[in-house]
Amino acid sequence: DELVAESCLESLVRNGHFLHSFGVTEWPDGTFSSDYEFTHALYQSVLYERVSAVRKVQLHNRLGLRLEKGYGFRNGEIANKLAVHFENGRDYSRAVTYLKKAAETAARRGANREAIHTLEKAKQLLTKLPQTTERQQLELSLLLSLGPAITASQGNATPEIETCYLRARELCEQMGEHSEQFRVMFGLRSFYVIRGELNKAHQLAQSLLDLATALDDPGFLLEAHVGLASSEFFAGNHQASHQHALQGIALYEKDTHAGHAALYGLDPGVFCYARAGQTLWPIGFPDQALDYEKQAVDLAETLDHPYSLVFAIHNLTLVLLYRRDGEAALESAKRGKSLALKHGFSFLSAWAFHLTAWAFAMMGDSDNARLEIERAIAADRPKAPATDSFLAVFLAEAYRFLGDYKNGLSSLAIPCKEYSYDVEQLYLKAELLLLSDDSNETINKAEALYKEARETSHQQRLKAYELRTAISLSKLLMGQNKNLEAYECLDDVTCWFQEGFDTTELYDAEQLMGQLGNLLEKESPATDSKRTCGRTSPFAHSSLPGKCQT
């Protein structure tokens, strides 16, 4: 009886040897009572050991059931305590359930290593249960929580991801679980795209869309567009990736899809805004790209999901670097690195070192840039061809700003022809070759690389890369007194842009066109000065591309 028990405890408190009062507490179900604790852990240990094994099992079970009832729908708050009681009470099914809840709580606050440890312990307890459908369902639920936790902690490419999701897919097929199969396919798609197995990734992404359509599930449809936006991006299909990101944004509702970050590892709204920005920059809309990245960060700020926030900040940093806004990029990069390290996000930490190295180098801080390069190279991350190629470009950019052509070229040794970075690599190789020496052979190699990069970017409608390459190629041609060819190289692509007129590269292009125009006028005074973009004074240094007719 509660009153009898409390009377006994109060007597022990007054005696002062074993217990002291610890205030009062009220449980969610309205239970109100005094609290007590042992004055020393030794007393608890000795008394606990004097209880028989069978009695211990009974007591743990009774305690677990009473706490479970007392906390009701809020039992997740004491999930670890309940897991301990039910494990010692030999109710392994309940113990596994509460370990999973404890892991989910840890993952939400960014403690993914703790979540992984808890889930692995739960998997071990599963072996004590008989082979039943209930055990299969519990194992599947653990695997579906384990996948996102490993992704956040170690990155999408770690082999444990594939092992986890392949076993989950096997369980789905055994039980005919179509809804859970979607999450499994999504996790496998993420693994394959980062590992560079793009055909597998795209097939799975398309299957996600087919399954979402068949099940008529808006949430699945949203994540299917996330999957396709990612797969198309890494395949270099930026326009297609952008369209899927926009469709995802149209479907996303923050309140409705708040739980998706825990289920899939990343908030779909944050991803879609960030991917929309990442695709807008290369296809020639730098201002809109920046706006979408800022929206991704703003959204992530309102969520209780650190991984999504760091992901958004990193993508914002990247667009700022592409826009050559070094000061803002460095501030953003530092923030992203601080959060990634705080929460133990291994891959995002490696990504952060690469971004801060690039930003420091762009700002002319060579000491800090080289320090971050060392950290980037030493960062522990699984082999991932897609992201390795991505990060190799970041390092090459840092080395280029530092004037370190040898290491820059070495960092570009990683092949990436299948991915969306081939244009960047062609351009950077040309830049770094020209830094290495000015022999005719090197100049010819660089010119060939520039022309290949320009042609490729033109075919893929990547106007930002086309502009960047055209600027460097025009400078090279101008140095060879091929002024007309240099001018025509820049003219069409510069006039295509409708925004981004305050960006460094559009300004540089305009300045260069002005210089070339003056040279052409001197060479041939009869040259029509109105030939370009319909501007009255196309070669004036104060004239901005904003006046171009597209």
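For residue 37, the residues whose amide H sits under 5 Å from its own are 20, 22, ignoring neighbours fewer than 5 places away on the same chain, with H placed 1.01 Å from N. Think of it as helices only: each DSSP H run of n ≥ 4 in the chain is worth -39500 (n - 2.57), and spread over all residues that comes to -24000 deg cm²/dmol at 222 nm.
The C-alpha atoms of the chain define a longest principal axis, and helix 306-322 lies at about 10 degrees to it.
Counting 0.36 nm for each residue step from residue 42 to residue 29 and taking away their Cα separation leaves a gain of 1.5 nm. With the simple model of a label 7 Å out from the Cα in the direction of the Cβ, residue 379 to residue 163 spans 2.4 nm. Orientation-averaged projection of the range 408-510 equals 6.8 nm² [convex hull of Cα atoms, one quarter of hull surface area]. By a straight-distance test (C-alpha under 28 Å), which lysines pair with residue 463 as possible cross-link partners, with residues fewer than eight away in the same chain excluded? Counting by Cα, and skipping residues close in sequence, residue 463 has these lysines nearby: 294, 417, 429, 445, 451, 475, 482, 530, 547. Tilt of helix 218-234 relative to the longest C-alpha principal axis of the chain, in degrees (0 to 90, nearest 10)? Between helix and principal axis, roughly 40 degrees.
Here, P(r) means the percent of Cα pairs in each 5 Å bin from 0 to the largest distance; for the range 272-415 it is 2, 11, 20, 23, 22, 15, 6, 1, 0.
Of the solvent-accessible surface of the chain, computed with a 1.4 Å probe and all protein chains present, 50% belongs to carbon and sulfur. Simple rule: put +1 on each Lys or Arg Cβ and -1 on each Asp or Glu Cβ in the range 430-516, find the dipole, and look at 490, 471, 444; the Cα lying farthest toward the positive end is 444. Hydrodynamic analysis of the range 122-229 uses the Kirkwood radius over alpha carbon pairs. Inserted into Stokes-Einstein at 10 °C and 1.306 mPa s, it gives a translational diffusion coefficient of 111 µm²/s. Could you check how many percent of all C-alpha pairs in the chain are farther apart than 35 Å? Summing the P(r) tail past 35 Å for the chain gives 48 percent. In the context of the full protein assembly, residue 13 retains an accessible surface of approximately 30 Å², using a probe radius of 1.4 Å and ignoring ligands and nucleic acids. Angle of helix 41-50 to the longest C-alpha principal axis of the chain, folded into 0 to 90 degrees and rounded to 10: 60°. Rounded to the nearest whole Hz, the Karplus-based 3J(HN,Hα) values (6.51 cos²θ - 1.76 cosθ + 1.60, θ = phi - 60°) of the range 255-266 follow the sequence 5, 5, 9, 4, x, 5, 4, 6, 6, 10, x, 7, with x at glycine and proline.
The values are calculated or read from the model by the stated rules, or taken from the named source; none is laboratory data. Predicted model, so just to flag it, every value in this text is computed and none were measured. When we count neighbours, we look across all protein chains shown, and the Cβ atoms used for this are built from the backbone with ideal geometry, even at glycine. Protein only, heavy atoms only, side chains kept; ligands, DNA and RNA dropped before computing areas. Shrake-Rupley method; radii C 1.70, N 1.55, O 1.52, S 1.80 Å.
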